[in-house]
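Let me begin by presenting the structure, written as structure tokens, before commenting on it.
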Ligand SMILES: [Zn+2]
């Protein structure tokens, strides 16, 4: 074996170890996000009590709480009350793990994987809360982006990646401005952080760090989908009022309500694709 092939094998092995770690951490974070998404909008603590069945209130044993595995072993039902456990739980766990591995791959297993995993976890949390009946508090976007951005600044500064550092700050600022503008356009709605709008803040931090092309495509996609939503919903006069405030508003706005969160997902997905093309 030549020295070069030995070193490339070492890189391959250490990269697969990093992907494995990203997968396990992603599953655990996904499991935690399921708890956060249920408890935060209901004003419950995310740490206490331990996980319980929302129907029969029984606290779960450790083995009933393993990401993916427990849902399969329990065949999607609570052990005591036999109430169905939503397929959303294993899907969120698998989706978060998949996103973490993809980011680790795009970042070649570098430390930069960490802030982007924090950002994607924040975006997943906001979109899942906003897809339900209750709204995500702005605190989720603010805290998630602040922690991710702090980690990003430290790692980028240590590696002298100044364009990433500056771009992420500019993107975060653009996300905050965009979020505030959307809130002003829809003052009749009391759920000010609703419809995935606050996900613009972590998405801005993400896309800004990837550079102008990614940020431009992300912003363009968001604007196009947003304007389409406004055009479809012109008659109601509002972008997406909450259905429980106005029973006359039918499921068509309920659907729109979900669609509004979509631009952020599409923007981030496109931004990641561009990022992969640039950095891979
Ligand atoms: Zn139960």
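Below, the figures for the structure above:
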quantity: Linear extension gain, residue 15 paired with residue 50, 0.36 nm per residue minus alpha-carbon span; calculated: 9.2 nm
quantity: Residues 16, 47, 198, sorted so that the one with the fewest Cβ neighbours within 10 Å comes first; calculated: 47, 16, 198
quantity: Zone residues, segment 97-133, relative to residue 72, backbone N less than 12 Å from point 7 Å out along Cα-to-Cβ; calculated: none
quantity: Net length gained if the chain between residue 139 and residue 39 were fully extended (0.36 nm per residue, minus Cα distance); calculated: 34.6 nm
quantity: Fully extended contour minus Cα-Cα distance, from residue 79 to residue 111, at 0.36 nm per residue; calculated: 7.5 nm
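Here, each number is a calculation from the coordinates, and none is a lab measurement. Predicted, not measured: the structure shown is a model, and the values here were computed from it. All Cβ positions, glycine included, derive from the backbone under ideal geometry; neighbour counts span all protein chains shown.
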